[in-house]
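The values are calculated or read from the model by the stated rules, or taken from the named source; none is laboratory data. Everything numeric here is computed off the predicted structure, so don't read it as measured data. Glycine gets a Cβ as well: all are built from the backbone with ideal geometry, and neighbour counts include every protein chain shown. In case anyone asks, the SASA skips ligands and DNA or RNA and just uses the protein heavy atoms, side chains included. Shrake-Rupley method; radii C 1.70, N 1.55, O 1.52, S 1.80 Å.
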Amino acid sequence: MLQQYEKLKNLLASAKKIVFFTGAGISAESGIPTFRGKDGIWNKMKPEELANFNAFLRNPEIVWEWYQYRKKIVHQASPNAAHLTISELQNYFDEVVVVTQNVDNFHRRAGSKIVYELHGNIEKNYCINCKKRYDDVNLPVENKVPTCGCGGLIRPDIVWFGEFLPEEAYSLSETAAETCDVLFIVGTSAVVFPAANIPYIAKRNGKFLIEVNIEKTELSNVADLSLIGKAGEILPQILQLVKEEKNYGKNES
Ligand code: BJW
Ligand code: ZN
């Protein structure tokens, strides 16, 4: 552990490209519920009732209402210290890539420039028929479930179970995992595939993996360093370490 910590310090001093693979846990301290675990939303709601296309076709009103409710929570909340730290790290590395499973847009709101959203974005929508895209601001408002000019229902741009991930975002994420110096896994149970492949891709390519989570996960034994604690507390400590290591490097040379 101590040895791995030393390795992390050295890596942070020399790393040029770092990747953050994030999940619902990173937004928990902003008041956004996670999916699994004791306070997770899947404890109250069955995913198969809401988070798949057939559920939407069966009962578009309920699914639409559910996402309107979730949107409201997201809009009333703000990115927390963990999102802000990742954004600030852009000042210390050539490239900071965020690969997120989250749909809450918090990484962009925090100022991260390179964000690959693997499961969509709750502020975006598209027509199930002609695929025309609608941002929340230009949604037709006359119906409870908005419809497109072509007559098709408009759905949230979220990847439901059984659906393919956005191809470009996934392929850019794979490349990021293959080419980074360090990959952080933050606040995810890492049980949903193919998104959860990303850390394994980095591992196969010999990259250093650091996990930040309040508890052990499927990936804890795969990671080179597993840090147990809240993302909003641990990531600012990592930033502090980066600042020390980068300054130390400067004084040395
Ligand atoms: C903290 C913290 C703090 C808390 N600080 N940490 C069997 C085997 C393998 C695969 C499958 C299978 N059966 C089916 C599949 C495929 C399926 C899948 O993976 N299922 C598994 C669940 C078994 N995958 C799919 O269907 C995907 N598509 C696909 O495979 O396409 C190919 C295909 C096409 C056609 C036919 C067949 C196949 C699509 C997956 C889409 C997932 N979408 C969701 C929901 C969207 C709806 C919505 O938002 O309403 O995305 S699922 C949900 O899980 C959401 C999340 O992005 C995703 C990941 O969850 P995440 O982020 O990890 O959250 P949690 O709650 O699980 O974990 C939170 C973590 O944070 C915990 O560890 C806490 O400890 C921690 N934490 N507070 C740090 N403060
Ligand atoms: Zn349409």
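Once you charge only the Cβ atoms, +1 for Lys and Arg and -1 for Asp and Glu, what is the size of the charge dipole of the chain about its Cα centre, to the nearest 20 debye? Kindly include the intermediate steps, with their values, before the conclusion.
Numbers: 29 positive and 31 negative charges, 43 e Å.
Its charge dipole is roughly 200 debye.
Could you tell me which of rounded, prolate or oblate describes the stretch 188-253, using a ≥ b ≥ c as the square roots of the eigenvalues of the alpha-carbon gyration tensor, with rounded for a/c under 1.5 and, failing that, prolate when a/b is larger than b/c and oblate otherwise?
Judged from the Cα gyration tensor, the stretch 188-253 comes out oblate (a/c at least 1.5, b/c at or above a/b).
Rounded to the nearest 20 debye, what is the charge dipole size of the stretch 104-253 about its Cα centre when +1 sits on each Lys and Arg Cβ and -1 on each Asp and Glu Cβ?
The calculated dipole for the stretch 104-253 is roughly 240 debye.
Sequence gap at least 6, Cα distance under 8 Å: using those rules, report the relative contact order of the stretch 115-253 to the nearest whole percent.
This gives 17 percent for the stretch 115-253.
Between T147 and K72, what is the FRET efficiency for a Förster distance of 35 Å, r being their Cβ-Cβ separation, to the nearest 0.05?
0.95
Ignoring ligands, DNA and RNA, what accessible area per residue does the stretch 94-146 give at 1.4 Å, in Å²?
That works out to 48 Å² for each residue.
Go ahead and run the numbers for FRET between E218 and D39, Cβ-Cβ distance against an R0 of 22 Å, rounding to 0.05.
After rounding to 0.05, the efficiency reads 0.70.
Return the percentage of antiparallel bridges among DSSP beta bridges fully within the chain, rounded to the nearest 5 %. Show your work: numbers first, answer last.
Numbers: 9 of 33 bridges.
Here the antiparallel bridges make up roughly 25 percent for the chain.
Report the one residue of L57, H83, L165 whose Cα lies farthest in the direction of the positive end of the charge dipole of the chain (charges on C-beta: Lys and Arg +1, Asp and Glu -1; origin at the Cα centre).
Value computed over the given set: L57.
What pairs from K7/K38; K46/K71; K131/K230; K17/K216 go past 28 Å between their alpha carbons?
K7/K38; K131/K230
Give me the percent of accessible area attributable to carbon and sulfur for the chain, probe 1.4 angstrom. Write down the numbers at each step before the final one.
Values: 6390 of 12640 Å².
Reported share for carbon and sulfur atoms: 51 percent.
Translational diffusion coefficient of the chain at 4 °C, 1.567 mPa s, Stokes-Einstein with Kirkwood Rh over Cα pairs, in µm²/s as a whole number. Mind showing how you got there, number by number?
Working: Rh = 19.1 Å.
Approximately 68 µm²/s, per Stokes-Einstein.
What is the dipole size for the stretch 80-153, taken about its Cα centre, with +1 at each Lys and Arg Cβ and -1 at each Asp and Glu Cβ, in debye to the nearest 20?
The calculation lands at about 320 debye.
Using the Cα centre of the chain as origin and beta-carbon charges of +1 (Lys, Arg) and -1 (Asp, Glu), tell me which of Y69, P33, V97 is placed farthest towards the positive end of the dipole.
Highest projection toward the positive end goes to Y69.
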